[in-house]
Amino acid sequence: MAKKHRARCACGAVTFEFDSDPDFIAECHCLDCKKASGGEAAVFFGVPESDFTLLSGAPKAFSYVAESGMRLDRNFCPECGARLFTSNLESFPGTVFVQLGSLDDRNGFAPKLEMFVKRRLDWVEPMRMAQFQAMPS
Ligand SMILES: [Zn+2]
Ligand SMILES: [Zn+2]
C-alpha cells in the first residue's frame, strides 16, 4: 500500500515515501543550506528512518562534517542534481531530514521554527515563529 506522503527529484528518477506527519519542520539559514540549495535558506523536516522508503532510483550521498562538527550524508539525484534528503546524521541518529521541495504535495508542511538565523541575510524578514541563532537547543 502506498504511504501517505510521496516525494521525488526534479527529473523523477528518485522517488520515496513515508507515512509520518512531521513535527520538526525548519527553515534553515546555515551556510551549507545556502550552498547546497543555491538559495538563501532551505526548508526541511524530520522523518523517522524506519518510516522512510526509497521507491526508485539511486540517490548519491555526499558525506561531510557540518559546522557542529558532526558528520552527515547529503543525498541528491545523480541524474538531475536535485537535493533530496540528509541521512546518517551523527547528531540525529534514526532521523532522515527531507527537503520540502521534493514533496509531490507540499500542503500542510509549513515550517515551525527558523534556525541559524545568525546567517540570515539582512533582506530576509524573520518569520513569526521560534527563532534559533544556530541549532535548536
Ligand atoms: Zn532526478
Ligand atoms: Zn542548514
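The values are calculated or read from the model by the stated rules, or taken from the named source; none is laboratory data. Values in this document were obtained by computation on a predicted structure and should not be read as measured data. Positions of Cβ are backbone-derived with ideal geometry, glycine not excepted, and every protein chain shown enters the neighbour counts. Surface areas here come from the heavy atoms of the whole protein model, side chains and all, with no ligands, DNA or RNA. Shrake-Rupley method; radii C 1.70, N 1.55, O 1.52, S 1.80 Å.
Quick check on my filter: what residues within segment 56-70 are outside any loop (DSSP other than H, G, I, E, B) and either polar (S, T, N, Q) or open to solvent by 50 Å² or more (accessible area, probe 1.4 Å) (or both)?
Ser56, Lys60, Ala61, Phe62, Ser63, Val65
Go through Asp21, Asp32 for me and flag whichever is within 13 Å of ligand 2 (Cβ to nearest atom) and not in a strand (DSSP E or B).
Result: Asp32 is the single residue among Asp21, Asp32 that is within 13 Å of ligand 2 (Cβ to nearest atom) and not in a strand (DSSP E or B).
Looking at segment 1-16 only, could you name the residues that are of a type outside the set (A, V, I, L, M), outside any loop (DSSP other than H, G, I, E, B) and within 16 Å of ligand 1 (Cβ to nearest atom)?
Arg6, Arg8, Thr15, Phe16
Here's a check for you: in segment 35-55, which residue that is outside any strand (DSSP E or B) and within 14 Å of Phe92 (Cβ to Cβ) is most open to solvent (accessible area, probe 1.4 Å)?
Among those residues, the one meeting the criterion is Ser50.
Out of Ala82, Ala41, I need the residue that is within 16 Å of ligand 1 (Cβ to nearest atom), more than 16 Å from Phe18 (Cβ to Cβ) and touching a helix residue (DSSP H, G or I) at 6+ places or on another chain (Cβ under 8 Å). Which one?
Ala82
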